[in-house]
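Heads up: the structure comes next, in structure tokens.
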Number of protein chains: 2
Amino acid sequence: MLMKHVIMNSQLPFLCCANNCMLLASSPLFRRQRFLIRSFGGSIDHCRNSGSGKMQSGQVLFDAEDIVRAITPALDQSRHKGQAGNIAVIGGCREYTGAPYFAAISALKIGADLSHVFCTKDASPVIKSYSPELIVHPVLEESYNVRDEDKKIITSKVLAEVDKWLERFDCLVIGPGLGRDPFLLDCVSEIIRHARQSNIPIVVDGDGLFLVTNHLELVRGYDLAVLTPNVNEYKRLVQKVLNSEVNDKDATQQVLFLAKQIGGVTILKKGKSDIISDGDTVKSVSIYGSPRRCGGQGDILSGSVAVFLSWARQYIEASGQDSILSCKNPAVLGSIGGSAIMRKAASIAFSNKKRSTVTSDIIESLGKSLEDICPAGSSCL
Amino acid sequence: MLMKHVIMNSQLPFLCCANNCMLLASSPLFRRQRFLIRSFGGSIDHCRNSGSGKMQSGQVLFDAEDIVRAITPALDQSRHKGQAGNIAVIGGCREYTGAPYFAAISALKIGADLSHVFCTKDASPVIKSYSPELIVHPVLEESYNVRDEDKKIITSKVLAEVDKWLERFDCLVIGPGLGRDPFLLDCVSEIIRHARQSNIPIVVDGDGLFLVTNHLELVRGYDLAVLTPNVNEYKRLVQKVLNSEVNDKDATQQVLFLAKQIGGVTILKKGKSDIISDGDTVKSVSIYGSPRRCGGQGDILSGSVAVFLSWARQYIEASGQDSILSCKNPAVLGSIGGSAIMRKAASIAFSNKKRSTVTSDIIESLGKSLEDICPAGSSCL
């Protein structure tokens, strides 16, 4: 199995599966290639804790790009629409329309087959007009549009509309451009509960994190949830959960502890390096990204993680014990894949557009980012 | 006549008309070129049944690209607006706006002169915003906007609006983004009846297939109707019409039988190879397409088939007994042409954009797809 991979991708002679290739991993060739990868900014994931079904101490680990190659599905003519991913973004209100678009279109540009947005009626025509590629459902409501006596029935209607579709989705992205309207957030809380009941993974970002930080019970113990906080969102989460301040000196240990305290959800802490933990393992992705901090990059990341989480889940279900990856948590693998592709795309966009780089430029670079790591013309691993 | 074609298009020395060129078809040059076409993924159409006005057993057959070349009209300065096709898409509702846009813009990009969309009032501004090229009529209504007591008069108004234009259209595409609102579908049933009375061809896809599968009388026996089911739509059609399950082992025979049972409508079953039958002949188009299964490709196909069906009808009417094509059914020829152009465009788009390919990329490749087969600078056949 390993030899096949080695032959199929000449960039990967150092790839190894902990169970059967320690000799190869210890070879001079392996060490030299690994050094080159480090020198050119590739990330090495670190496993700090071992646990059931996760990486074991002493294993030689895959880097982020290896994981992308492993979980990205092969393309062939026999596949049909939906098999490469059906993603839904819950977000978009009167005030914010760009964020849900960025998340949803990123999912498509990475390779999902279908991408939906569930937003308010006001936001819908605008989001639709950004791109005919998205399926936009104008179903959410904000308080200004709803009388108190109608709230119950309207909540039911919103949920019925979402439920019609829910089982078809491989992952929900909750939060981009959601806003903080209390009635809308109540509806979204119910959507999260329904998704959880149906075992549908969720990626929570932006105002979704505001909601979840105030209602931790929505995600506590749900191992198919990924939270993607930026600096400020992380600070609020740490204060709420750990009742302490952010510890930058030992950031990985704090992310690990935080994830454990929320019952094994996966946290992707965005920063100079992205730190990812499910409370069991902790990994970092430090592929060189972009020094531009234009708004919207978090939305790309959330859509990207959603796709890779779906693919990782498919990969793990299909490969079972034959998986070449020691890590069996699709939320962690999806976070690593999403982070790697996003950072690489940002780097490509910045090299072309420099200070003028905007979020749409990064989205246009997602395809090249994935193609550079995992060419579509060949099975990747 | 044949020699003229041979001289005009150096790619086609092997072209043959069953009535007058069997010697040429049997030449070593013909066989070698045919072999090369097969080797590079060109499709060979198979005639399984012969019948009145259709291909005869033992004939040397044209491949899909030959048919495109035969039916694509010559371009010259003396032609005027509308002669290359005036297409209308019936679809677009509050929920779906991308699909009718994809179908309508594809018709234009292939070479139709005019492309209309008849959609709901909510969908209209969004579809208009996608492109100034389309003529968008906000005439359809959904139930939520109509009181029961007004339904009759509103149906009459909708039909009057469509009827004003109907005679000008060369083909209707019914279904992309139509939705499943019962009142809207009732109106569309009437539009189909009117189109049929006026002998205007129809291509039925998406939610139009949902309607037609439940009301087979709308298309039964109408030989200018093309149904373009995907895997799931085909399954429902087979269950409804044949009261059986899909037979993948002898797919061509089942499509043939299904088309016959619906009275000679043409069925274009989408899949790894597209299978096309009018209940009399059965053909397949297997030009290499794309392994990407992003949503919206079916909409391109429906717009594409509409254009080629119009052109095939013009070609057959103009050439009469001089037609170089044995097949005289414009619905079948249009399905072959539409399928060939769509698949080739998908292949071109994928070669450029890989996993990042979205439907708009394929639409942008339609022109090159047609140009590669049938250069605009010369008469094609």
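Looking at the range A:160-168, is at least one residue crowded, with 21+ Cβ neighbours inside 10 Å, at pLDDT 95 or above and not small (Gly, Ala, Ser)? Scanning the range A:160-168 turns up at least one residue that is crowded, with 21+ Cβ neighbours inside 10 Å, at pLDDT 95 or above and not small (Gly, Ala, Ser). For the range A:123-132, a tally of residues being buried (at least 23 other Cβ atoms within 10 Å of the Cβ) and either facing chain B (nearest Cβ under 9 Å) or not aliphatic (A, V, I, L, M) (or both) returns 3. Of everything in the range A:66-84 that is surrounded by 14 or more Cβ atoms within 10 Å (Cβ to Cβ), in a loop (DSSP other than H, G, I, E, B) and touching a residue at least 12 places away in the same chain (Cβ under 8 Å), the residue that is nearest to the chain's Cα centre (by Cα) is A:THR72. All of (1) buried (at least 20 other Cβ atoms within 10 Å of the Cβ); (2) assigned to a helix (DSSP H, G or I) hold for A:ALA376 with one exception: (2). Of all the residues in the range B:195-215, those that are more than 15 Å from B:PHE118 (Cα to Cα) and either out of contact with any Gly (no Cβ under 7 Å at 6 or more places or on another chain) or surrounded by fewer than 19 Cβ atoms within 10 Å (Cβ to Cβ) (or both) number 12. When the range A:86-111 is filtered for residues that are in contact with a Phe, Trp or Tyr (Cβ under 9 Å, 6 or more places away or on another chain) and at the interface with chain B (Cβ under 10 Å from one of its Cβ atoms), the ones remaining, listed by number, are A:ASN86, A:ILE105, A:ILE110, A:GLY111.
Residue by residue, here is whether (1) farther than 23 Å from B:GLU364 by Cβ; (2) touching a residue at least 40 places away in the same chain (Cβ under 8 Å) holds:
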| site | (1), (2) |
| --- | --- |
| B:THR97 | no, yes |
| B:ALA104 | no, yes |
| B:SER131 | no, no |
| B:ILE135 | no, no |
| B:PRO138 | yes, no |
| B:ASP148 | yes, no |
| B:VAL158 | yes, no |
| B:TRP165 | yes, yes |
| B:LEU178 | yes, yes |
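When the residues of the range B:304-352 are filtered to those that are polar (S, T, N, Q), within 24 Å of B:GLY271 (Cβ to Cβ) and under 10 Å from the mean Cα position of the chain (by Cα), the one that is nearest to the other protein chains (Cβ to nearest Cβ) is B:SER339.
As for the range B:307-321, it holds no residue that is polar (S, T, N, Q), surrounded by fewer than 24 Cβ atoms within 10 Å (Cβ to Cβ) and under 15 Å from B:ALA64 (Cβ atoms).
Take B:LYS249 and tell me if it is over 26 Å from B:TYR101 (Cα atoms), more than 14 Å from every other protein chain (Cβ to nearest Cβ), more than 18 Å from the chain's Cα centre (by Cα) and in a helix (DSSP H, G or I).
no
Exactly one residue out of B:ASP274, B:ASP299, B:ASP361 is more than 11 Å from every other protein chain (Cβ to nearest Cβ) and of a type in the set (Asp, Glu), and it is B:ASP274.
Checked against (1) crowded, with 24+ Cβ neighbours inside 10 Å; (2) within 14 Å of chain A (Cβ to nearest Cβ), B:SER369 passes all but a single condition, namely (2). On the stretch given as the range B:133-152, residues that are more than 14 Å from chain A (Cβ to nearest Cβ) and surrounded by 24 or more Cβ atoms within 10 Å (Cβ to Cβ) total 1.
The values are calculated or read from the model by the stated rules, or taken from the named source; none is laboratory data. What you see is a predicted model; the values in this text were computed from it and never measured. For neighbour counting, all protein chains shown are included, and Cβ atoms are generated from backbone atoms with ideal geometry for every residue, glycine included.
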